[in-house]
Amino acid sequence: MTSKRDYYEILGVGRDADAAELKAKYRKLALQYHPDRNPDNKEAEEKFKEAAEAYEVLTDPQKRRIYDQYGHKGLEGTGFSGAGGFEDIFSSFGDIFEDFFGFGGSKRGRGGQRTQRGQDLRYDLTIEFMEAAFGTEKELSLEKMQVCGTCNGDGCKPGTQPEICGTCRGTGQYTQSQGFFTVRTSCPSCHGRGKRITSPCTECHGRGQVFVKKTVSLKVPAGVDSGSRLRLTGEGEASPNGGPPGDLYVFLQVKPHKFFQRNQNDVICLAEISFVQATLGAKITVQTLTGEETLKIPPGTQYGDTFRLPNQGIASLRNGQRGDQIIQVEIKTPTKLSKKQEKLLKEFEDLDASKFTSRLKNLLK
């Protein structure tokens, strides 16, 4: 017979791990080896049960104390027999799985049963610069928890019904009186559900939910930028117990453009001109987000001068008003000249030398 592994080793925690660390480690393993994600995988099934058993012992102060002192043999005398089938695991850890697969506000439904929102989901989406500028529509492929179609979410095998919990008589609450005080807590037998499943659904193993793949359509509005967050209401995971579904949050990342840069709602680009165009002035063609525009370069333009094309930027998400396009001028110096070009430039230099020299002398005084 194969000896049992150390519970701390199974969960990957130290012997001083607190409840929060145990819960986080167990959550990771439960999601990794969940039967819906590993159909007909015996090894994953065993690891799923193994993790549940380790979590059950280490989160029970009395069982943990016995295990720390005497190991697995010490637990044999307590009546603890380890994890059972999936229905036992989901029954024992009903509220922990609610925490795993559904978070947010909760409220009491009829009969005192607590209902929870389904878990919110995150999707990271990368789009092109132009898609961010003008908007686009994307199809997103998701894997999420959805209400089981076999049992319609009640967790029971078709043809059967859950039984009223004998401990709380269906209220989902357990009342204890201590002197002058009365304390109400979730029923330890049904974990606040008010009912117990005796014949679990074979499709969802009594959980009422299964993993599914789904494609949803997302409209990306014009003007989004890296870090923008879009919400699709109700496209998160289903509630574990009849509450509203969670939402899907899409976080956007915009790819850089080879020509344009963005500054809020303005777009910036670089235009190269010759020193002759800068000196004498010219009309040049500039690429914009929507096509080509003619830009007038005035005589005497200097390196780094900027020009603005109104309403040629990106639309504001708030009011739809478009920003401007800012063109920064870069004067390109030629590196290869013909003999005639060199001669003409030297003649130009001779003609202008006196002015330059006098200015220089004035600066040195």
Taking the Cβ of each residue in Thr150, Thr126 as the centre, tally the other Cβ atoms inside 10 Å and list the residues starting with the fewest. Thr126, Thr150
Note down the magnitude of the dipole of the stretch 261-335 about its Cα centre, charges +1 on Lys and Arg C-beta and -1 on Asp and Glu C-beta and zero elsewhere, to the nearest 20 debye. 160
For Arg322, which sequence-distant residues (separation of 5 or more, or a different chain) have an amide H within less than 5 Å of its own amide H, given hydrogens modelled in the peptide plane? Ser316
What does the highest-first list of 14-21, 129-136 look like by mean Cβ count within 10 Å? 129-136, 14-21
Please work out the Kirkwood hydrodynamic radius for the stretch 7-84, using every pair of different C-alpha atoms, and report it in angstroms with one decimal place. 13.0
Surrounding net charge for Thr126, when Lys and Arg each add one and Asp and Glu each subtract one, Cβ distance under 13 Å: -2
Cα-centre dipole for the stretch 7-84 with unit charges at Cβ (Lys and Arg positive, Asp and Glu negative), debye to 20: 160
If you keep only loop residues by DSSP, which trypsin sites (Lys or Arg not before Pro) in the stretch 287-349 have at most 14 other Cβ atoms within 10 Å of their Cβ? Arg318, Lys336
Ordering of 281-293, 151-163, 58-70 by packing [mean C-beta count within 10 Å, highest first]: 151-163, 58-70, 281-293
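Each value in this text was obtained by applying a stated rule to the coordinates, not by laboratory testing. Here the structure is a predicted model, which is why all the values come from computation and not from measurement. Positions of Cβ are backbone-derived with ideal geometry, glycine not excepted, and every protein chain shown enters the neighbour counts.
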